[in-house]
1. Name the single residue, out of those in segment 29-54 being within 12 Å of the ligand (Cβ to nearest atom) and of a type outside the set (Ser, Thr, Tyr), that is surrounded by the fewest Cβ atoms within 10 Å (Cβ to Cβ).
2. Can you find even one residue in segment 7-22 that is part of a loop (DSSP other than H, G, I, E, B) and either within 22 Å of Phe96 (Cβ to Cβ) or in contact with a strand residue (DSSP E or B) (Cβ under 7 Å, 6 or more places away or on another chain) (or both)?
3. Only one of (1) more than 16 Å from the ligand (Cβ to nearest atom); (2) of a type in the set (Ser, Thr, Tyr); (3) touching a His at 6+ places or on another chain (Cβ under 8 Å) is not met by Ser191, so which one is it?
4. Which of the residues belonging to segment 60-83 are hydrophobic (A, V, I, L, M, F, W, C), more than 14 Å from the ligand (Cβ to nearest atom) and not in a helix (DSSP H, G or I)?
5. Kindly indicate which of Ala57, Ala86 is in a helix (DSSP H, G or I), within 16 Å of the ligand (Cβ to nearest atom) and of a type in the set (Gly, Ala, Ser).
6. Does Tyr168 fit the bill of being among the hydroxyl-bearing types (Ser, Thr, Tyr) and open to solvent by 40 Å² or more (accessible area, probe 1.4 Å)?
7. Being part of a loop (DSSP other than H, G, I, E, B) and hydrophobic (A, V, I, L, M, F, W, C): is that true of Met1 here?
8. Please go through segment 198-239 and give me each residue that is closer than 24 Å to Glu313 by Cβ and touching a residue at least 12 places away in the same chain (Cβ under 8 Å), ordered by number.
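The values are calculated or read from the model by the stated rules, or taken from the named source; none is laboratory data. No experiment lies behind these values; they were computed from the predicted model shown. Note: ideal-geometry Cβ built from the backbone for every residue, glycine included; neighbour counts use all protein chains shown. Note: areas computed on protein heavy atoms with side chains; ligands, DNA, RNA excluded. Shrake-Rupley method; radii C 1.70, N 1.55, O 1.52, S 1.80 Å.
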Amino acid sequence: MKYKVRDIGLAEEGRKKIEWAESRMPVLMMLREKYSKEKPFKGVKIGGSLHVTKETAVLIKTLVAAGAEVAWSGCNPLSTQDDVAAALAEEGISIFAWHGMNRKEFYWCIDRVLEIKPDLTLDDGADLIFTLHNKYPELAKNVMGGTEETTTGVHRLKSMVRDGKLMYPVIAVNDAETKWDFDNIYGTGQSSLDGIMRATSILLAGKNFVVAGYGHCGKGVANRARGMGANVIVTEVDPIKALKARMDGFSVMTMDEAAKIGDIFITATGMKDVIVRRHFEKMKNGAVVCNTGHYDCEINIQDLEDISASKREIRPNNEMYKLRDGRKIYLLAKGRLVNLAAAEGHPSEVMDMSFANQFLSLKYILENHKKLEKKVYEVPSEQDQLVATLKLKSMGISIDSLTDEQRKYLNSYNEGT
Ligand code: ARJ
């Protein structure tokens, strides 16, 4: 089976979305221009599991232009853009992804990707790597290496390394400065609000906007929500992050306190059970609850179901839960990451850098895998510098450079006060 998508007839719409993304991903297009000639991935099979969006399509097309054979599945049952998947299928990409798949179908798609016996893997959330290791260990032995897109996936892989389970080297693309300091902050900030506004169409100004988690993603969401005029409240378990949130001017309190006053709740922690039954029981009538973390474990939906008399979809990606006491709580995107399930994910401009890091990290593994160990690596620092330099160039921005004298000073210790 070459591909399985929702409707191949959506391909034309998908092609237009991809064309739009290509116009806003100049760094990846520069890499495509350069490497479509050199074809470093000629004869190389790449298995990918990453949200099927217009931006991911630009990455896939760039890998194929550079010579790779690619097979792909989504990395979340609700994040696939069906028209983009159709466009990729029509271009001959082996893609297995559609919006609204169930868990069984999700892993069926990953199994199809692994049928190409990949030389390199590309993951977002480590579900493909984990399946490869657990279900097809004989395949994992032949993989040169892989990459991981997101914080949650990197944590999962480092746990595998700790237990001696990782069978090949993986580069943590998430930890590239030109990924987390832009994608996680500005991307998650804007796209999460985008998802909330598409699913609710509510005014953010003046609302009590509760952000659980003040890591890179939570910080981005809190700042963008403040920019829209919301009264932002942060909850945390880490005293340093909580202090940072307070010094950044946000109210900080426990979720038990925030539950009583919040109008909109978003989780960005990577942790399970952040919003549970006792919080729902305190919430105001009409509260909106959503998540922007990678997995759908942060909001305990079973707890919400247990105290509800009924539920029905009131708007796309927006379910109205009617509680037994008459209050209504609105759950967005079934608790899955709201930015990709109810909107289109981060804007192309930040994914440009994240995916340039994906491309260059895969190329680095291809060229260096023989000397890499079975552990999680940072991206090479010169790669981070290169991605930032190319991005600035695409923006028409020039910066200063150190003189020889300054370089000497940088490495000296003789000159003091
Ligand atoms: C593809 C996206 C997009 C998008 O880089 C982000 C991250 O860390 C993942 C967590 O699952 C999602 C990923 N991401 C955000 N926006 N991937 N296309 N437009």
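1. Kept after step one, since they are within 12 Å of the ligand (Cβ to nearest atom), are these residues of segment 29-54: 48-54.
From what's left, of a type outside the set (Ser, Thr, Tyr): 48, 50-52, 54.
Working: Gly48: 31, Leu50: 28, His51: 27, Val52: 30, Lys54: 25.
Result: Lys54.
2. Within segment 7-22, the subset part of a loop (DSSP other than H, G, I, E, B) is 7.
Keeping just the survivors that are either within 22 Å of Phe96 (Cβ to Cβ) or in contact with a strand residue (DSSP E or B) (Cβ under 7 Å, 6 or more places away or on another chain) (or both) gives 7.
Within segment 7-22, one or more residues are part of a loop (DSSP other than H, G, I, E, B) and either within 22 Å of Phe96 (Cβ to Cβ) or in contact with a strand residue (DSSP E or B) (Cβ under 7 Å, 6 or more places away or on another chain) (or both).
3. (1)
4. Listed by number, the residues that qualify are Ala66, Ala68, Val70, Ala71.
5. Numbers: Ala86 fails: within 16 Å of the ligand (Cβ to nearest atom).
The match here is Ala57.
6. Working: among the hydroxyl-bearing types (Ser, Thr, Tyr): yes; open to solvent by 40 Å² or more (accessible area, probe 1.4 Å): no.
Spelling it out, it is not the case that Tyr168 is among the hydroxyl-bearing types (Ser, Thr, Tyr) and open to solvent by 40 Å² or more (accessible area, probe 1.4 Å).
7. Working: part of a loop (DSSP other than H, G, I, E, B): yes; hydrophobic (A, V, I, L, M, F, W, C): yes.
It is true that Met1 is part of a loop (DSSP other than H, G, I, E, B) and hydrophobic (A, V, I, L, M, F, W, C).
8. The first filter runs over segment 198-239 and keeps only residues closer than 24 Å to Glu313 by Cβ, leaving 198-204, 207, 209-210.
Arg198, Ala199, Thr200, Ser201, Ile202, Leu204, Lys207, Phe209, Val210 - these are the residues of segment 198-239 that are closer than 24 Å to Glu313 by Cβ and touching a residue at least 12 places away in the same chain (Cβ under 8 Å).
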